[in-house]
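Below is one structure, written out as structure tokens, with a few remarks after it.
The values are calculated or read from the model by the stated rules, or taken from the named source; none is laboratory data. A quick note: this is a predicted structure, and the numbers were derived from the prediction, not measured. Cβ coordinates were reconstructed from backbone atoms using ideal geometry, including for glycine residues, and neighbour counts include every protein chain displayed. Areas reflect the complete protein model, heavy atoms only, side chains present, ligands, DNA and RNA absent. Shrake-Rupley method; radii C 1.70, N 1.55, O 1.52, S 1.80 Å.
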Amino acid sequence: MAPARDIPKHYDFAEVEARWQRTWRDEEHHFDRRSPKPRYVIDTPPPYPTGNFHIGNALNWCYIDFIARYKRMQGYNVMFPQGWDCHGLPTEVKVEEIHGITKNDVSREEFRRMCRELTEKNIGLMRTTLRRLGFSIDWSNEYITMLPSYFGKTQKSFLRMFHDGYIYQAEHPVNFCIRCETAIAFAEVTYQERETTLTTFLFDGVEIATTRPELLAACVAVAVHPEDERFSRLHGKELTVPFFGQRVPVLQDPVVDPTFGTGAVMICTFGDKQDVHWWKEYNLPLRKAIDRRGRMTAIAGKYEGMVIGEARKAIVADMASAGILRGEKRITQRVGTCWRCKTPIEILSERQWFIKVKHDEILKAAREVTWIPEHMRTRLENWVAQMEWDWCISRQRIFATPIPVWFCDACGEMVLPTPEEIPVDPTLTRPKAPCPKCGGTRFTPEEDVLDTWMDSSISVLHVTGWDGKGAPPLFPAQLRPQGHDIIRTWACYTILRSVALTGGKPWDSILVNGMVLGEDGFKMSKSRGNIIQPEEIVVKHGADAFRQWSASGAATGSDIMFNWNDVVAASRLQTKLWNIVRFILPKIGDRACTVEMVTAPADRWLLDRLSGTVAAVTAAMDAYAFDQALKALREFAWDILADEYIELVKGRLYSEGEGRESAAAALSITLDALLRMLAPFLPHFAEECYHQLKGRSVHREAWPRFEYRDAAAREQGDLLVRIVSGLRTWKHDHGMALNAPLGRLTVYTKVPLEDGGDAARALNATVSWRAEEPRLEKRAADVKFNMGVIGPAFKGRAREFMDAVRKLPPESLENPPATILLGGEEVPIPPGAFSPAFTYAIGGKDVEVVTVGDVIVSVERGS
Ligand SMILES: [Zn+2]
Ligand SMILES: [Zn+2]
């Protein structure tokens, strides 16, 4: 196909982007399992199908797409899969809202069906956004975690880790969200500063301060610091708990802070993590005062059935009437809350399923992965170092992967399915064989389900082809891209699971992206009203402008503040590039161009600069420094190509002959390479232009490998563009039109310079080059005084000073002495008091002189 030449004046991003999105075919992005090319597998994050692909997701996907497209051009067989992490509470809550029900109003199966239906609809919405942003996703490798084809693998991984001793069931204190009515893992607890009341009361004669008076029923001990003399009389004693009457020991423990409250604390099961430590250390009894729904239990006596807040009020009121209340004050406290609903978590002792956290295994594998940026590894290491409890993986919810376990009714034996029976929902089917221990045939299914992270932490195993055994064929993946907010969950759990299931690290590298902040610098949130949707930006400025904003907003890993001006600047670059392309294309025609055709010094200079740009952009892409890559491309296109080079050679392009051929070849080679380098960032724009240039898709081209070194051309070209641009500025400053005739120029340089007539054409002047010192006759014509300096320094003697300066010899005007004689007195000359103004002549003829760096240009204006 011959390149078209009917290039519209304006770049219509909406029309162009829609047209290419209709033209491109999904197959072009499919991973080819039989390809001999080196593979590049990306462990794309599976987003939660909320129906809204938010700007933070979009930023991350831009990074992934830049890499995927770049690696394809570098000759890799790339897999850019798309997953959907479906299970979890937000969908359950949404379904309850939509249908006006609670999960208990319908059967578990019906509730799951409703969740699946909503999820499918939301995935559809998000797919549309992904396509609109021009991401080169491999849709043949899409996965949906709620489907049996995926959650069966989650169950297989459960069986395997159970048999290998990683998974166990136990009663243990766990973090529990009483609103979500489920256990959660420590990684899902977020800490917030909250105001609370510190209540001081008399505890069997001892003043104790607590923020949880409602836990009095669960009190199992009182603790004081061993060296706190206020309490030495209590050593070895027991106390009686007010209202509830249980006898509790007084413990001496150095962890107690004598300066907090009254210095004596009550230990309850459980007020916080410290209580759990003491409970284990001193082998204290367990008293459960709060149930899974946040209501007081039977041991709370008259408070039974009250919710936590009610019980607190009632107990404090009873303390007041019993005369043991000593005071209440407001304090701020760090409270652990549920990451999804922000309800303060309770620590409840529950029968749950756990995965053993083997710190050394995780840290060893994490060290074998390349972290970009490097300091993100420290975040993981810090988190792992403080993981004290094993990972609680059971949840008391419905829309999730079922735990594949039954219990024998007769003997209590735990019965697991064989890998062939999976996927399975134990609440719907029964084991195929009788109980292996007692032969019983009646079973109770495990109703708990798995933590959603159990699904998503095997995404890398899934995309690399895991079949439930050993290391998958494409394992490890080459790249995991993800946000820094889920290092302690998704990254940490993936490493843990990969080591447990394959013995190795999950990926070669992990690329951590920052968050997108609102225009006000705060995290985007509904309550702040600072949310920007990617669709909004795409409608106004196009997908390519959004992608450019993503690339240039900040260094990879840093948070980015959204700013409309940056998007506008991005679309301006597209307009500039479009104008460049529109100018160049008709000049270069359809000719095949080779480097040998480029002969003129300025053209060789352009190729040398292009070569440097290719090297810089390639290095930046290899380092995932997308902001650097795009900056180098922008500077090259805008400054070097458009403002410097094209302005310099325009005249030659309109002429005939060898010089024209040389410039056209240089432009053709340059545009080809430039568009290929822009293709990962601006896939639609680059495609449109490349079709104009070559009549084929830029996305099937190789990444440019262009090496061209010409030191002499580089040096001369740099000088030439400086001189021409200096003189153009001078023309402008002297009120001349840029194309007005300038007369005769003589340029005095240190080295000989040959420009093939470019400067003369660009400046509309006759130009002579002289590699010699100018024989200028210099005359000091006048002195310019700076009254701002002279006035304050000399006051009444200013005139006298100026007269004295005018009498100085010309060389002293240029390099002033330190002092000057005023009426026989030596007076210092303040710096900046005056500067000389010179006129010049050559051979007695007056000329104007322009200096550009150390180059002197004499101008004899046209006569
Ligand atoms: Zn919650
Ligand atoms: Zn049995």
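Computed quantities for the displayed model
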{"item": "Evaluation of Gln169 against (1) at pLDDT below 95; (2) away from ligand 1 (no atom under 16 Å from the Cβ) (one fails), failing number", "result": "(1)"}
{"item": "Some residue of the range 771-794 being on the phi > 0 side of the Ramachandran plot and open to solvent by 60 Å² or more (accessible area, probe 1.4 Å)", "result": "no"}
{"item": "Residue within the range 96-106 that is part of a loop (DSSP other than H, G, I, E, B), touching a strand residue (DSSP E or B) at 6+ places or on another chain (Cβ under 9 Å) and either modelled with pLDDT under 95 or not aromatic (Phe, Trp, Tyr) (or both) present", "result": "no"}
{"item": "Filtered residues of the range 273-282 (kept if closer than 19 Å to Val241 by Cα and open to solvent by 70 Å² or more (accessible area, probe 1.4 Å))", "result": "Tyr282"}
{"item": "Meets criteria (under 18 Å from Ile7 (Cβ atoms), under 41 Å from the mean Cα position of the chain (by Cα) and of a type in the set (Ser, Thr, Tyr)) for Thr613", "result": "no"}
{"item": "Counted residues, the range 177-208 - those being outside any loop (DSSP other than H, G, I, E, B), more than 16 Å from ligand 1 (Cβ to nearest atom) and surrounded by fewer than 21 Cβ atoms within 10 Å (Cβ to Cβ)", "result": "9"}
{"item": "Matching option when the condition is over 27 Å from the mean Cα position of the chain (by Cα), at pLDDT 95 or above and either closer than 30 Å to Phe475 by Cβ or open to solvent by less than 40 Å² (accessible area, probe 1.4 Å) (or both), among Pro49, Pro36, Pro45", "result": "Pro36"}
{"item": "Residue, nearest to ligand 2 (Cβ to nearest atom), within the range 444-469, restricted to residues that are open to solvent by 30 Å² or more (accessible area, probe 1.4 Å) and out of contact with any Leu (no Cβ under 6 Å at 6 or more places or on another chain)", "result": "Thr444"}
{"item": "Answer from Arg728, Arg696, Arg709, Arg722 - the residue that is among the basic types (Lys, Arg), touching a residue at least 40 places away in the same chain (Cβ under 8 Å) and closer than 22 Å to Lys631 by Cβ", "result": "Arg722"}
{"item": "One residue from Val106, Val93, Val174 being crowded, with 22+ Cβ neighbours inside 10 Å and not aromatic (Phe, Trp, Tyr)", "result": "Val174"}
{"item": "Any helices (runs of 4 or more DSSP H) falling wholly within the range 738-845 and containing at least 3 residues that are under 30 Å from Gly651 (Cα atoms), under 53 Å from the mean Cα position of the chain (by Cα) and not β-branched (Val, Ile, Thr)", "result": "758-763"}
{"item": "Pairs where the first residue, in the range 434-455, is over 15 Å from Phe158 (Cα atoms) and the second is more than 15 Å from ligand 2 (Cβ to nearest atom), C-beta under 6 Å, 6+ apart", "result": "Pro445/Pro426; Pro445/Thr427"}
{"item": "Qualifying residue in the range 707-730 (condition: over 23 Å from Asp603 (Cβ atoms), of a type in the set (Asp, Glu), out of contact with any strand residue (DSSP E or B) (no Cβ under 6 Å at 6 or more places or on another chain) and in a helix (DSSP H, G or I))", "result": "no"}
{"item": "Test result for Thr370, hydroxyl-bearing (Ser, Thr, Tyr) and within 30 Å of Ala500 (Cα to Cα)", "result": "yes"}
{"item": "Candidate set from the range 150-197 (those that are more than 30 Å from the chain's Cα centre (by Cα) and among the aromatic types (Phe, Trp, Tyr)); member that is farthest from ligand 2 (Cβ to nearest atom)", "result": "Phe176"}
{"item": "Long-range neighbours under 8 Å by Cβ, at least six apart or interchain, first residue of a type in the set (Gly, Ala, Ser) within the range 797-819, second open to solvent by less than 70 Å² (accessible area, probe 1.4 Å) and at pLDDT 85 or above", "result": "Ala798/Ile790; Ala798/Gly791; Ala804/Ile820; Ala804/Leu822; Ala818/Ile829"}
{"item": "Selection from the range 845-863 of residues that are open to solvent by 50 Å² or more (accessible area, probe 1.4 Å) and farther than 24 Å from Arg806 by Cα", "result": "Lys845, Thr851, Gly853, Asp854, Arg861, Gly862, Ser863"}
{"item": "Residue tally, condition buried (at least 20 other Cβ atoms within 10 Å of the Cβ) and over 15 Å from Ile178 (Cα atoms), over the range 294-311", "result": "3"}
{"item": "One residue from Thr749, Thr766 being of a type in the set (Val, Ile, Thr), open to solvent by 60 Å² or more (accessible area, probe 1.4 Å) and modelled with pLDDT of 85 or more", "result": "Thr766"}
{"item": "Qualifying residue in the range 486-497 (condition: open to solvent by less than 30 Å² (accessible area, probe 1.4 Å) and in a loop (DSSP other than H, G, I, E, B))", "result": "no"}
{"item": "Only listed residue being touching a Lys or Arg at 6+ places or on another chain (Cβ under 9 Å) and either of a type outside the set (Gly, Ala, Ser) or surrounded by fewer than 17 Cβ atoms within 10 Å (Cβ to Cβ) (or both), chosen from Arg761, Arg728", "result": "Arg761"}
{"item": "Criterion violated by Pro431 - all others in (1) of a type outside the set (Phe, Trp, Tyr); (2) within 15 Å of ligand 2 (Cβ to nearest atom); (3) in contact with a strand residue (DSSP E or B) (Cβ under 7 Å, 6 or more places away or on another chain); (4) under 29 Å from Cys180 (Cα atoms) satisfied", "result": "(4)"}
{"item": "Within the range 618-673, tally of residues that are open to solvent by less than 40 Å² (accessible area, probe 1.4 Å), on the phi < 0 side of the Ramachandran plot, in contact (Cβ under 8 Å) with a residue 40 or more places away in the chain and within 26 Å of the chain's Cα centre (by Cα)", "result": "8"}
{"item": "Yes/no for Gly439 being more than 22 Å from Leu501 (Cβ to Cβ), of a type in the set (Gly, Ala, Ser) and either more than 16 Å from ligand 1 (Cβ to nearest atom) or in contact with an Asp or Glu (Cβ under 8 Å, 6 or more places away or on another chain) (or both)", "result": "yes"}
{"item": "Residues of the range 122-152 satisfying the condition of being part of a helix (DSSP H, G or I), over 23 Å from Ala18 (Cα atoms) and in contact with a Gly (Cβ under 7 Å, 6 or more places away or on another chain)", "result": "none"}
{"item": "Qualifying residue in the range 58-74 (condition: more than 18 Å from Tyr624 (Cα to Cα), more than 16 Å from ligand 1 (Cβ to nearest atom) and crowded, with 16+ Cβ neighbours inside 10 Å)", "result": "no"}
{"item": "Scan of the range 431-485 for residues that are modelled with pLDDT under 95 and of a type in the set (A, V, I, L, M), ordered by number", "result": "Ala433, Ala471"}
